[in-house]
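Presented below is the structure to which this report refers.
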Amino acid sequence: MAQIGKPVITIFLTLLLVLAPCLAWAHGQPVSGTVQVQGGKKLKKMILYLEPANSSFPISHNTHKVTQKGRRFNPGLQVITQGDTVEFINNEDKEIDHNVYSLAKTNIFDLGLGEKGSTLKVKFEKEGKVNYYCSVHKRMEGKLFILPSRYHTILKTPGDFKIDNVPPGRWVLKATHLHRRYKSKTLEFTVGNQPVSNLVLEIVKK
Amino acid sequence: MKSIRHILILIMFALSGFGCASVPEPSPGKGALYGTLKAQSHKEFLDKQSGESDVGYDGFLGGIFYSEAMVNYPRLKNLYACLMNPAHQGGAVHALEINGSEFSIKSMALAKGDRLRVKNNSGLTHHLYLTDDNNEDGFQEYAPIPPQSEQDISINLEGDLELNSEEDESLRMHVHSGKGLDCQRLTSGDRYVFQDLAPGNYNVMFWFWRLGSIKHQVTIKAGQSRLLNETLSVDRVIH
């Protein structure tokens with residue numbers, strides 16, 4: 001039994017050493033770098049994301065939840081992918097109705113009135129920024145960033161970033177954020193079978 | 001209680017009869033456009049309140065009681081009735097103040113080329129800038145406005161815009177700008193009048209930043225006063 005075990009283990013380890021890079025290639029590589037803002041401005045909540053440069057990727061079908069307790073959308077800012085659905089859940093303690101709507105040109109919708117305990121849903125087919133509101137309550141506002149792919153990360157302040165498991169191919173790195181004075185440059189690069197590092201994405205004043 | 005409520009409603013109705021708005025008289029060879037602009041809650045919300053239900057927002061005189069947290073549609077300010085009039089040139093001056101972290105007006109519709117006379121009542125110098133909601137490259141910046149001073153800034157972009165300050169991210173004003181837009185600022189229920197219009201076809205827009213816009217095309221004839229009432233609500237704008 002011991003004589004059979006040793007060669008089996010050796011073959012297994014050899015196969016693992018040979019296949020590991022291939023497996024890593026099939027599962028994607030990490031992409032990392034740093035974000036620099038002109039003038040050193042401490043921009044809050046930057047979303048770094050990847051867009052496929054010359055091909056499309058399968059549409060996402062995830063579902064995200066936004067609650068409405070205390071007459072607030074929570075989370076107030078959410079990042080989702082094209083094809084995802086958002087469920088707006090009225091989990092108020094009292095009998096308080098909410099209506100969720102958006103006037104965004106790429107994603108205009110009105111979900112009607114949702115009573116306590118109800119869930120209203122909307123699917124987002126197009127990328128873009130969406131501001132949405134409750135027509136009943138004046139301080140209820142939320143924001144969605146709908147990205148072209150699920151490869152993204154959120155930075156609280158400018159600095160280092162890392163996006164994991166990026167499939168091989170040609171990609172464009174972009175950033176979006178809440179401060180309208182600034183805009184992001186873009187960076188095109190290729191992911192092969194090695195990690196991509198030392199990217200520098202600049203965010204500049206308009 | 002119900003009978004008192006009915007009596008009060010009758011009294012208010014009778015009093016309102018004395019204040020009936022008259023039809024504007026246009027000048028010879030000209031026409032006029034007039035009407036009332038209102039804002040209203042979502043239809044489903046209104047339908048629910050008119051139904052028999054223990055759960056509602058009943059006001060003392062009937063109707064809806066709007067709490068502090070709610071959008072008070074019958075009293076909503078900064079609604080705009082706008083006529084797209086090629087004869088209307090930009091260049092009008094609109095007063096605007098910076099008070100702490102707020103602009104004195106939260107939203108404004110105006111003609112491209114109009115100016116905002118900004119009075120900075122805060123303790124900060126403000127570098128204001130204008131961006132376009134639908135075009136990342138749409139951008140206009142202005143010279144800094146020191147504390148306790150006043151400056152005119154010109155609106156040279158068109159579309160749905162936002163006026164912000166580099167120094168204070170909570171300073172925000174929604175702007176809708178268009179070529180030849182002749183706008184009147186109203187509170188819900190107010191009357192608007194566009195007098196002495198040359199006969200022809202006009203585009204009319206009713207707008208509030210949080211409700212969007214409803215547009216019409218009207219034909220004005222000489223000697224005619226055309227009535228156009230409108231109600232802004234989420235369901236009317238979107239559906």
Chain B - share of DSSP beta bridges that are antiparallel (%, nearest 5): 75
Any idea how many Lys pairs in chain B come in under 12 angstrom at the alpha carbon, given 8 or more places apart or on separate chains? 4
Do any of A:Lys65/A:Lys123; A:Lys129/A:Lys183; A:Lys44/A:Lys69 go past 20 Å between their Cα atoms, and which? A:Lys44/A:Lys69
Identify all aspartates and glutamates with a Cα-Cα distance to A:Lys126 below 12 Å; exclude those on the same chain that are fewer than 8 residues away in sequence. A:Asp84
Any idea what the dipole of chain A comes to, in debye rounded to 20, about its Cα centre with Lys/Arg Cβ at +1 and Asp/Glu Cβ at -1? 940
Separation in nanometres of the label points that stand 7 Å from Cα toward Cβ, at A:Ser32 and B:Gln89: 6.3
Taking chain B as the reference, fit the longest principal axis to its C-alpha atoms, fit the long axis of helix B:2-18 to the helix C-alpha atoms, and give the angle between the two in degrees, 0 to 90, nearest 10. 60
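With a/c under 1.5 counting as rounded, go ahead and sort chain B into rounded, prolate or oblate using the C-alpha gyration tensor (a ≥ b ≥ c being the square roots of the eigenvalues; past the cut-off, prolate if a/b is larger than b/c, else oblate).
Because a/c hits 1.5 or more and a/b fails to exceed b/c, chain B counts as oblate.
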Rounded to two decimal places and with Rh computed the Kirkwood way over Cα pairs, what is Rg over Rh for the protein assembly as shown? 1.08
When the charge dipole of the protein assembly as shown is computed with +1 on Lys and Arg Cβ and -1 on Asp and Glu Cβ about the Cα centre, the Cα farthest towards its positive end, among B:Gln49, A:Leu187, B:Ser149, belongs to A:Leu187
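Can you sort A:Ile154, B:Ile105 so the residue with the fewest Cβ neighbours within 10 Å comes first? Before the final figure, lay out the partial values.
Values: A:Ile154 14, B:Ile105 17.
With the fewest neighbours first, A:Ile154, B:Ile105 line up as A:Ile154, B:Ile105.
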For the stretch A:63-147, what percent of Cα pairs sit more than 15 Å apart? 51
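Using only the Cα atoms, work out Rg/Rh for chain A, with Rh taken as the Kirkwood radius, to two decimals.
1.12
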Using a basic spin-label model with each label point 7 Å from the Cα along Cα→Cβ, how many nm lie between A:Lys205 and B:Asp190? 3.6
Expected 222 nm ellipticity per residue - DSSP helices of 4 or more, -39500 (n - 2.57), all of the protein assembly as shown, to 500: -4000 deg cm²/dmol
What net charge is computed for the residues neighbouring B:Ser107, neighbours being all others with C-beta under 12 Å from the C-beta of B:Ser107, Lys and Arg scored +1, Asp and Glu -1? +3
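None of the figures in this text is laboratory data; all of them are computed from the coordinates on show. On a predicted model such as this, the values are computed, not experimentally measured, just so you know. Glycine also receives a Cβ, built like all others from the backbone with ideal geometry; neighbour counts cover every protein chain displayed.
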